[in-house]
Amino acid sequence: MSTKAVLITGANGEIGHGLITQLTERNPNLRVVALDVHPVNKELKERCHETIVGDIMDTVMIDRLAAFYDFQSIYHLAAILSTKAEREPVLGHRINVDGTLNLLELAARQSRASGENVKFLFPSSIAAYGLPDVETKMRAGKVKEDEWSSARTMYGINKKYCEDLGRYYNWYYRQTDPQSAAGHVDFRAIRFPGLISAVTLPTGGTSDYGPEMMHFAAQGKEYNCFVPETATLPFMVMVDAINALLQLEAAPAKNLTALVYNIGAFSVTAKEFYDVIKKYFPGAKVNFAPDALRQKIVDSWPADVDDSLAKREWGWKHEYDFHRAFEEYLIPAVKQRYQK
Ligand code: SER
């Protein structure tokens, strides 16, 4: 008999940290199997049934997992983020696409063997969009899921293709088989905006300037911001992002017509970020020294997203708007973190 469990890849990353904490707080009996290329920290380890240091490209390790566990849900969070994938496009493609395919296959095999659907939660991104220039971006305003879909980064292209793979595994997998299987991959994805956490820092992303500005200010360090003051992106705090994943996971499948959803909270300029940070850290020093290449990526991502589909189909609603996010969540937590 295999053990029922939940699998989290990229467990040591930003979303993984918060997700493991939330999942095990809500259900202390849940068996979480955490996989990451780096060892997960002690505090997280204690919350997990098993932690594995391993690579999602390692199919022998994935087969071993399949032999020991029946996964009810897979949160596939492991990825190479946008700036890093631009520097190493083939590596980005391997991890972001081939790695995702390995996990989708695991979910498909397990669902067919057990006859029960395996939920597959996938973080997609605003990088799935591609706007031609900053003027068009600012004119476009809130972008819907099916607009401006020509992604311009390796990471964005990878995410968009994996959304399609997810739809395929959900609706059409092995559609020419004479008999359809009882269980299938129940794929669900969120196109996240830039995420801001008080406890971890992102690595290799392009929306990193937001959280980096805050973490540098909290440590009394000067920050060189790689986008201009006017650069605008949608952002969200990590708690809202994790709540969204859990809410989407819990939604009845019959309500989900699209499988891939925008979610939004606030859209701000880099200058607005700096202004709010100065309010709490008056000595904060930010030099705006745009890096033309990274700025080009930001310019191709939407300034804001239309999340009415998520609101309609699974009741999405953010809790933290811009000012509340800093006042009640980010600043107290980040102060505590660096005062330790
Ligand atoms: N935050 C990610 C990045 O900047 C986008 O999903 O790469």
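Residue separation of Asp63 and Ala181 scaled by 0.36 nm, minus their Cα-Cα distance, works out to 40.4 nm of gained length.
Using only Cα coordinates, the Kirkwood hydrodynamic radius of the chain works out to 20.5 Å. Trp148 sits with roughly 100 Å² accessible to a 1.4 Å probe, with DNA, RNA and ligands left out of the calculation. Among beta bridges identified by DSSP and lying wholly in the stretch 168-316, the antiparallel ones come to about 30 percent. Each Lys and Arg Cβ is given +1 and each Asp and Glu Cβ -1; about its Cα centre, the chain then shows a dipole of about 320 debye.
Which order, highest average first, do 205-217, 323-335, 164-176 follow once you tally other Cβ atoms within 10 Å for each residue and take the mean per peptide?
205-217, 323-335, 164-176
Using only the alpha carbon atoms of the stretch 121-246, find the Kirkwood hydrodynamic radius as the inverse mean reciprocal pair distance, in angstroms to one decimal. Hydrodynamic radius (Kirkwood, Cα pairs) of the stretch 121-246 is 17.0 Å. Centre-to-centre, using Cα atoms only, the stretch 159-177 and the stretch 52-80 are separated by 19 Å. Prolate is the label for the stretch 187-282, because a/c, from the alpha-carbon gyration tensor with a ≥ b ≥ c as root eigenvalues, is 1.5 or above and a/b exceeds b/c.
Debye-formula intensities of the stretch 16-63, expressed as log10 I(q)/I(0) at q = 0.31 Å⁻¹, are -1.16 (one equal scatterer per alpha-carbon, no solvent). Compute the Cα gyration tensor for the stretch 270-332, then decide on rounded, prolate or oblate, letting a ≥ b ≥ c be the square roots of its eigenvalues: rounded whenever a/c is under 1.5, prolate when a/b is larger than b/c in the other cases, and oblate in all that remain. Oblate shape, in that a/c is at least 1.5 and b/c is the bigger or equal ratio. Pull out a ≥ b ≥ c, the square roots of the eigenvalues of the alpha-carbon gyration tensor of the stretch 1-151, then state rounded if a/c is under 1.5, prolate if not and a/b is larger than b/c, and oblate in the remaining case. In terms of gyration-tensor shape, prolate.
For the stretch 56-145, state the average projected area of the convex hull of the C-alpha atoms over all orientations, rounded to one decimal in nm².
The directionally averaged projection comes out at 7.5 nm².
Distance between the 7 Å Cα→Cβ label points at Lys221 and Ala140: 3.3 nm.
For the chain, set up a Gaussian network in which alpha carbons nearer than 10 Å are linked by springs, and say which option among Pro123, Pro252, Pro202 fluctuates the most. Residue with maximal mean-square fluctuation among Pro123, Pro252, Pro202: Pro252.
Highest average first, the peptides 55-63, 110-118, 154-162 ordered by how many other beta carbon atoms sit within 10 Å of their residues are 154-162, 110-118, 55-63.
Extension gain for Thr21 to Asp306 (0.36 nm times residue separation, less C-alpha to C-alpha distance): 99.7 nm.
Kirkwood radius and radius of gyration were both taken over the C-alpha atoms of the stretch 208-340, and their ratio Rg/Rh is 1.02.
The values are calculated or read from the model by the stated rules, or taken from the named source; none is laboratory data. What you see is a predicted model; the values in this text were computed from it and never measured. Because the Cβ atoms are built from the backbone with ideal geometry, glycine has one as well, and the counts that use them run over all protein chains shown. Keep in mind that these areas ignore ligands, DNA and RNA; they rest on the heavy atoms of the full protein, side chains included. Shrake-Rupley method; radii C 1.70, N 1.55, O 1.52, S 1.80 Å.
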